[in-house]
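Some notes on the structure that comes next.
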Amino acid sequence: MLLDAARGLVSKHIPPTSPADAERAVVLGVQRDVGLGWTQVQDPGGSYQDVDVYKSSTAKERSSCAFTKCFPRPESKLNDS
């Protein structure tokens, strides 16, 4: 896990994840979570595209696991509060 300041330095050197790889990762993660008996998973950060991956992957798997996706407020909004 990287702190926000370091993330930008490292992420520009990592190739983007393909949609197929993202879906495969979610399916494997869901299978693991359900296998451990987890009924809910929280995923802080990421992108709005992640929500589509979770929806399609969990629908295919007919998962009994609930997901909570958290998005940070845009940085420009932080200074307004």
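The values are calculated or read from the model by the stated rules, or taken from the named source; none is laboratory data. Keep in mind that what you see is a predicted model, and the values were worked out from it rather than measured. Neighbour counts run over all protein chains shown; Cβ positions are idealised from the backbone, glycine included.
Before moving on, here are some points about what is shown:
- The stretch 54-81, residues that are modelled with pLDDT of 75 or more and part of a helix (DSSP H, G or I): TYR54, LYS55, SER56
- Only residues that are surrounded by 10 or more Cβ atoms within 10 Å (Cβ to Cβ) and either in contact with a helix residue (DSSP H, G or I) (Cβ under 7 Å, 6 or more places away or on another chain) or small (Gly, Ala, Ser) (or both) were counted across the stretch 1-30, and they come to 10.
- Among all positions in the stretch 40-53, there is at least one residue which is in contact with a helix residue (DSSP H, G or I) (Cβ under 7 Å, 6 or more places away or on another chain), without any contact (Cβ under 8 Å) to a residue 60 or more places away in the chain and part of a helix (DSSP H, G or I).
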